[in-house]
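**Student:** After the structure tokens below, expect a handful of questions from me.
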Amino acid sequence: MKARIERWNITIIMLVIVYTVTVQRFILTNPIISPFIDSLVVFLTSIGVYRIIVYALHALSRVSPSLLQLYWGRQYLAGLWSYAYIRDGQVFLGVWRIEQDLYDTQIIGFGVDQAFATRSGVRSVTDLIHNNGAFEVVVLRTDKMEPDREYYSKTVLVPDRPTRKIWYLPACPCKIRGRTTIYGGPLTGTVHTGIVFTKHENAQTEEDVLQYLRSQERELGSV
């Protein structure tokens, strides 16, 4: 993350330098007031240009998934994901919304029971921690059996081989394997293994993902 932010800042600074040098050369041959005042104006406007570029790129990153994908590369995970795993012969399902900006990644989601009623809710309290090709994230969770209490769990995420959807955008994962360990509460120490996260590129809302899960209910037993 630190290296990515540094590259981002270097790119912005390079753009500002190009602006400053270009304007400085122009006023040397076309003075406006005096060399000193002209140079001061260039310096002050370069600060403004820096701020404008920063604000513009931040604004664009909020409305342009393509820009975010270029920025994050293979670590681009933003979007709606479903997950499924089997424990004690029963299929467990859920939905995660992963949000990313220029600085961090946030997760909010929920699990559903066989009747597709909410059985748990999670929200991340850490950024994604990169660990030898995998990611780790700690979430705060609530469970249906104790809805008024919150506990923690840690999920280890291992992305499948990234795939490229559009030629000019970097490849990014569409499927992730996971393992979750719960800390605290009646489920403390429980480990959910074999979790499969699938990205839903065309889903706009969590309900869209739930509708897909309902339509695939018969096939989910083979996850």
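The values are calculated or read from the model by the stated rules, or taken from the named source; none is laboratory data. Computed from a prediction, not measured in an experiment: that's the story for all the values here. Neighbour counts run over all protein chains shown; Cβ positions are idealised from the backbone, glycine included.
**Student:** Could you go through region 90-110 and let me know if any residue there is touching a helix residue (DSSP H, G or I) at 6+ places or on another chain (Cβ under 9 Å), part of a strand (DSSP E or B) and polar (S, T, N, Q).
**Tutor:** Yes, some residue in region 90-110 is touching a helix residue (DSSP H, G or I) at 6+ places or on another chain (Cβ under 9 Å), part of a strand (DSSP E or B) and polar (S, T, N, Q).
Rundown of residues vs (1) modelled with pLDDT of 75 or more; (2) loosely packed, with under 13 Cβ neighbours inside 10 Å; (3) over 30 Å from Ile195 (Cα atoms), yes/no style:
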| residue | (1), (2), (3) |
| --- | --- |
| Ile10 | yes, yes, yes |
| Ile32 | no, yes, yes |
| Val54 | yes, no, yes |
| Arg74 | yes, no, no |
| Gly109 | yes, no, no |
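Matching residues to (1) farther than 19 Å from Gln100 by Cα; (2) assigned to a loop (DSSP other than H, G, I, E, B); (3) assigned by TED's automatic domain parsing to the domain that holds Phe110; (4) of a type in the set (Val, Ile, Thr):
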| site | (1), (2), (3), (4) |
| --- | --- |
| Glu136 | no, no, yes, no |
| Glu150 | yes, no, yes, no |
| Val158 | no, no, yes, yes |
| Tyr168 | yes, yes, yes, no |
| Ile182 | yes, no, yes, yes |
| Thr188 | yes, yes, yes, yes |
| His192 | yes, no, yes, no |
| Phe197 | no, no, yes, no |
| Asn202 | no, yes, yes, no |
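**Student:** Turning to a different aspect of this structure: Which of the following residues is among the basic types (Lys, Arg) and out of contact with any Leu (no Cβ under 9 Å at 6 or more places or on another chain): Arg62, Arg25? Before the answer, list the steps.
**Tutor:** Details: Arg62 fails: out of contact with any Leu (no Cβ under 9 Å at 6 or more places or on another chain).
Only one candidate passes the filter, namely Arg25.
**Student:** Taking the conditions exactly as written (of a type in the set (D, E, K, R) and surrounded by fewer than 14 Cβ atoms within 10 Å (Cβ to Cβ)), does Arg149 satisfy them or not?
**Tutor:** Yes: the conditions hold for Arg149.
**Student:** Mind telling me which of the residues Leu68, Leu80 ends up being farther than 16 Å from Thr155 by Cα, surrounded by 15 or more Cβ atoms within 10 Å (Cβ to Cβ), in contact (Cβ under 8 Å) with a residue 24 or more places away in the chain and assigned by TED's automatic domain parsing to the domain that holds Gly121?
**Tutor:** So the residue among Leu68, Leu80 that is farther than 16 Å from Thr155 by Cα, surrounded by 15 or more Cβ atoms within 10 Å (Cβ to Cβ), in contact (Cβ under 8 Å) with a residue 24 or more places away in the chain and assigned by TED's automatic domain parsing to the domain that holds Gly121 is Leu80.
**Student:** Here is a further query. Residue by residue through region 85-101, note down the ones that are of a type outside the set (D, E, K, R) and crowded, with 17+ Cβ neighbours inside 10 Å.
**Tutor:** Selection gives Tyr85, Ile86, Phe92, Leu93, Gly94, Val95, Trp96, Ile98, Gln100.
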